[in-house]
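Some notes on the structure that comes next.
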Amino acid sequence: MRKTLVAANWKMHGTKAFAVELLEKLNSGLESGKCSAQVVICPPYPYLGVVADKMGQAELGAQNLSEQPSGAYTGEVSAEMLLDCGARYAIIGHSERRSLYGEGNELVAAKYAAAKAAGLIPILCVGESLEEREAGKTLQIVAEQIQAVIALGLPETWQNAVVAYEPVWAIGTGKTATPEQAQEVHQFIRQQLGEAGGATQILYGGSVKAANAEELFAKPDIDGALVGGASLKADEFTKICCAAN
Ligand code: 13P
């Protein structure tokens, strides 16, 4: 039985004071809602420590990491450093990293390997653009993104790992994939993961809100959500987390 996981991707938003206030409201909301979901908060790097001190029932994650273990890589942050700051998860290959910072499938796979080697749980993001969907290439694109990780031949590739399906056209646009569209791709992803995929949590991301979380979570292969905009509003995010109850 896979537990529902709801992860917050704060992206590059907020201040220290904002982070503290949001966490305090979220903690009390999760407690009073008797929220059964696993909750992961991924703040900007400088606020990892602030959030780590206020976690409550939630766990800490990062939005990115370096594929390198250490060394002369100015501006980069390693998996070990994230663990040292209390993180247990790291988002890998978010579409904004892929499209704005040129992260290709190979680099994303190397980052995935770095997270696994250090004992961090990667949240591997995959998903197609609108153009790719309209060209009927959704499953092909997602398969290529997953196969790049499989090609590394890591031990127990999909254990202690999470996959997030985030169609690029649904991110920050208010256009959510329908539960049926998402389920189709989630089921396909689970097949791609092979035998171990039965236990791997597969999250949906892209304009998830309190109003659509429950119908998404009701699908058999949707095990939770990776939430951007709505994770910056305590009430809304709490409702998404509790939609799994
Ligand atoms: P939105 O929830 O704002 O669409 O963002 C989704 C996302 O990119 C989460 O990683």
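Just so it is clear, none of the values below were taken in a lab; they were calculated from the coordinates. These numbers were taken from a predicted model, which means no experiment stands behind them. A quick note on method: Cβ atoms are made from the backbone with ideal geometry, for glycine too, and the neighbour counts reach across all protein chains shown.
What are the ³J(HN,Hα) couplings of segment 219-230, residue after residue, when phi is run through the Karplus curve with 6.51, -1.76, 1.60 and θ = phi - 60°? Round to Hz, x for glycine and proline.
Residue by residue, segment 219-230 yields 6, x, 9, 9, 9, x, 9, 10, 10, x, x, 5 Hz.
Report the antiparallel proportion of the DSSP beta bridges in segment 3-156 as a percent, rounded to a multiple of 5.
Rounded to the nearest five, the antiparallel share is 0 percent.
Please compute the volume of the convex hull spanned by the alpha-carbon atoms of segment 1-116 and report it per residue in Å³.
Convex hull volume per residue, Cα atoms: 117 Å³.
So which of Lys34/Lys111; Lys175/Lys239; Lys54/Lys111 end up more than 31 Å apart, counting from Cα to Cα?
Lys34/Lys111, as the Cα separations exceed 31 Å there.
Determine ³J(HN,Hα), in whole Hz, for all residues of segment 236-241 in sequence, where each value follows from phi through the Karplus function 6.51 cos²θ - 1.76 cosθ + 1.60 and θ = phi - 60°; x replaces Gly and Pro.
Couplings: 5, 5, 4, 5, 4, 4 Hz.
Loop-only check: which chymotrypsin sites (Phe, Trp or Tyr not before Pro) in segment 69-118 are DSSP coil with at most 13 other Cβ within 10 angstrom?
Counting only loop positions with at most 13 other Cβ atoms within 10 Å, the chymotrypsin sites (Phe, Trp or Tyr not before Pro) in segment 69-118 are Tyr73, Tyr101.
Tell me whether segment 1-40 comes out rounded, prolate or oblate; compute the Cα gyration tensor, take square roots of the eigenvalues as a ≥ b ≥ c, and use a/c under 1.5 as the rounded threshold.
oblate
For segment 61-139, report the convex hull volume of the alpha-carbon atoms normalised per residue, in Å³, without decimals.
For segment 61-139, the hull spanned by Cα atoms encloses 91 Å³ per residue.
Enumerate the calculated ³J(HN,Hα) couplings along segment 200-207 in order (Karplus 6.51 cos²θ - 1.76 cosθ + 1.60, θ = phi - 60°), each rounded to whole Hz, writing x wherever the residue is Gly or Pro.
7, 6, 10, 9, 9, x, x, 6
Pick out which of Lys209, Lys34, Lys116 has the largest mean-square fluctuation in a Gaussian network model of the chain, springs linking Cα atoms closer than 10 Å.
Highest fluctuation among the options: Lys34.
For segment 109-179, what are Rg and Dmax over the alpha carbons, in angstrom?
Rg, Dmax (Cα atoms, Å): 13.6, 38.
Starting from the amide H of Ile91, placed 1.01 Å from N in the peptide plane, find each other amide H under 5 Å away whose residue is 5 or more places distant or on another chain.
Ala62, Gln63, Asn64, Ile123
Can you list the residues, at least 5 places off or on another chain, whose amide H is less than 5 Å from the amide H of Val208, using H built in the peptide plane?
Gly228
Using a 10 angstrom cutoff on alpha carbons, build the Gaussian network for the chain and name the most mobile of Glu21, Glu128, Glu67.
Top of the fluctuation ranking is Glu21.
If all Cα-Cα distances of segment 121-245 are sorted into 10 Å bins from 0 onward, what percent lands in each bin, rounded to whole numbers?
P(r) over segment 121-245, rounded to whole percents: 13, 46, 32, 9, 0.
Could you work out the Kirkwood radius for the chain, taking every pair of different alpha carbons, averaging 1/r and inverting it, reported in Å?
Across the chain, the inverse of the average 1/r is 17.8 Å.
With springs only between Cα atoms under 10 Å apart, run a GNM on the chain and tell me which of Ala115, Ala177, Ala90 wobbles the most.
Ala177
So which GluC sites (Glu not before Pro) in segment 146-229 pass both tests, a DSSP loop state and at most 16 other Cβ atoms within 10 Å of the Cβ?
Glu156
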